[in-house]
Amino acid sequence: MRVHVVSDVHGSTDALARAGDGADMLICLGDMLLFLDYEDPAQGIFAEIYGAEHARRYIDLRTARRFDEARRLTAALTTQIIAERGIDLRAINDEAIRKQYAELFEALIEPAYLTYGNVDVPGLWEPYRKPGHQVLDGSTTVVSGVSFGFVGAGLISPYRTPNEVPRSAYAEKLAAVGAVDVICTHIPPAVPELLYDVQARRLETGSTALLDHIRRTQPRYAFFGHVHNPLARRVRIGRTECVNVGHFRATRAPYIVELLGGRAVWGSYQ
């Protein structure tokens with residue numbers, strides 16, 4: 001069974017449309033939306049609403065971990081725009097999110113198996129999901145005799161992204177999944193070389209509960225994204241091959257693995 005895995009799509013609609021070419025199974029591990037583009041501040045929902053110049057300033061503040069200043073910036077801009085234009089920014093934000101989701105889910109092939117990222121709005125997926133799009137979060141599925149477990153969302157962080165959950169809730173979802181051949185999550189296990197982003201020069205948030213789950217149940221594979229430029233793209237924990245697939249927006253290509261009964265025949269970054 002040829003499996004293509006992507007994560008951190010961030011608005012790459014045209015690449016997503018080709019991600020399943022030649023695959024028996026396509027997996028998407030979330031972060032479909034593009035709110036901010038750290039390389040091109042003119043791209044994304046924030047820039048659409050507030051402008052590229054303010055997006056650049058907001059990115060600089062977040063990169064410097066000056067989160068309170070970043071929130072004060074958006075609050076001031078929001079107040080200014082409402083006073084000057086008298087518009088409902090929440091409605092405009094939701095409209096921009098819906099527009100991206102409509103395009104992304106239209107591009108996504110069927111069948112596809114998905115879970116949520118931290119930069120996703122789960123409540124807005126349903127109107128755009130096709131019948132062959134199976135969304136799993138804290139649940140499992142079996143395809144061609146191989147069991148897959150899915151756990152979505154990120155953990156609560158200073159970034160306050162839209163879809164973050166407490167560590168206890170995340171651990172409960174992992175417990176509900178139990179032992180599987182392949183564990184699919186948005187965030188990585190808490191292994192430093194998997195968490196450190198060499199471009200952003202910071203440690204991202206990973207899950208100690210996921211690390212414990214991998215050590216205890218030893219799936220053949222653990223797939224995840226979230227960290228776009230990790231120090232290490234793959235690490236072995238016991239028999240488990242842990243693979244970061246969170247480079248999709250940059251490479252515009254999936255990670256491809258050939259599975260036989262949960263065992264990898266081969267796997268490669270494309």
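List of remarks:
- In segment 78-102, the residues that are modelled with pLDDT of 95 or more and either surrounded by 16 or more Cβ atoms within 10 Å (Cβ to Cβ) or under 26 Å from Gln199 (Cβ atoms) (or both): Ala96, Ile97, Gln100, Tyr101
- Selected residue (criterion: farthest from the chain's Cα centre (by Cα)) from residues of segment 154-196 that are among the polar types (S, T, N, Q) and over 18 Å from Arg215 (Cα atoms): Ser168
- Answer from Leu136, Leu124, Leu108, Leu114 - the residue that is closer than 30 Å to Thr240 by Cβ, free of Cβ contacts under 8 Å to residues at least 60 places away in the same chain and within 18 Å of the chain's Cα centre (by Cα): Leu136
- Note on segment 168-180: residues that are open to solvent by less than 60 Å² (accessible area, probe 1.4 Å) and of a type in the set (Ser, Thr, Tyr) amount to 1.
- Any chance Asp8 is within 18 Å of the chain's Cα centre (by Cα) and closer than 26 Å to Ile156 by Cβ: yes
- Hits in segment 30-47 (condition: open to solvent by 30 Å² or more (accessible area, probe 1.4 Å) and at pLDDT 95 or above): Phe35, Ala42, Gln43
- Figure legend. Inter-residue proximity from segment 50-74: first residues within 18 Å of Arg202 (Cβ to Cβ) and open to solvent by less than 40 Å² (accessible area, probe 1.4 Å), second residues assigned to a helix (DSSP H, G or I) and not small (Gly, Ala, Ser), beta-carbon distance below 6 Å, spacing 6+ or different chains. Indicated pairs: Tyr58/Leu73; Leu61/Glu69; Ala70/Tyr58; Ala70/Leu61; Ala70/Arg62.
- Any hit, segment 12-32, residues being closer than 21 Å to His226 by Cα, hydrophobic (A, V, I, L, M, F, W, C) and without any contact (Cβ under 8 Å) to a residue 60 or more places away in the chain: no
- Candidate set: segment 1-21, residues that are assigned to a loop (DSSP other than H, G, I, E, B) and not acidic (Asp, Glu); chosen: the one modelled with the lowest pLDDT: Met1
- Extreme residue, farthest from the chain's Cα centre (by Cα), among residues of segment 215-262 that are of a type in the set (Phe, Trp, Tyr) and under 19 Å from Val180 (Cα atoms): Tyr221
- Every residue from segment 170-204 that is of a type in the set (Asp, Glu) and touching an Asp or Glu at 6+ places or on another chain (Cβ under 9 Å): Asp197, Glu204
- Residue within segment 149-170 that is over 30 Å from Asn93 (Cβ atoms) and either free of Cβ contacts under 8 Å to residues at least 60 places away in the same chain or hydroxyl-bearing (Ser, Thr, Tyr) (or both) present: no
- Condition check for Ala107 on (1) touching a Leu at 6+ places or on another chain (Cβ under 6 Å); (2) more than 26 Å from Gly22 (Cα to Cα); (3) surrounded by fewer than 20 Cβ atoms within 10 Å (Cβ to Cβ): one failure, at (2).
- Filtering Arg65, Arg72 for residues that are more than 30 Å from Phe150 (Cβ to Cβ), among the basic types (Lys, Arg) and assigned to a helix (DSSP H, G or I) leaves a single hit, Arg72.
- From the list Val165, Val151, the one residue that fits, being touching a Lys or Arg at 6+ places or on another chain (Cβ under 7 Å), open to solvent by less than 40 Å² (accessible area, probe 1.4 Å) and within 18 Å of Val135 (Cα to Cα), is Val151.
The values are calculated or read from the model by the stated rules, or taken from the named source; none is laboratory data. Every value quoted in this text rests on a predicted model; they were computed, and no experiment measured them. All Cβ positions, glycine included, derive from the backbone under ideal geometry; neighbour counts span all protein chains shown. Note: areas computed on protein heavy atoms with side chains; ligands, DNA, RNA excluded. Shrake-Rupley method; radii C 1.70, N 1.55, O 1.52, S 1.80 Å.
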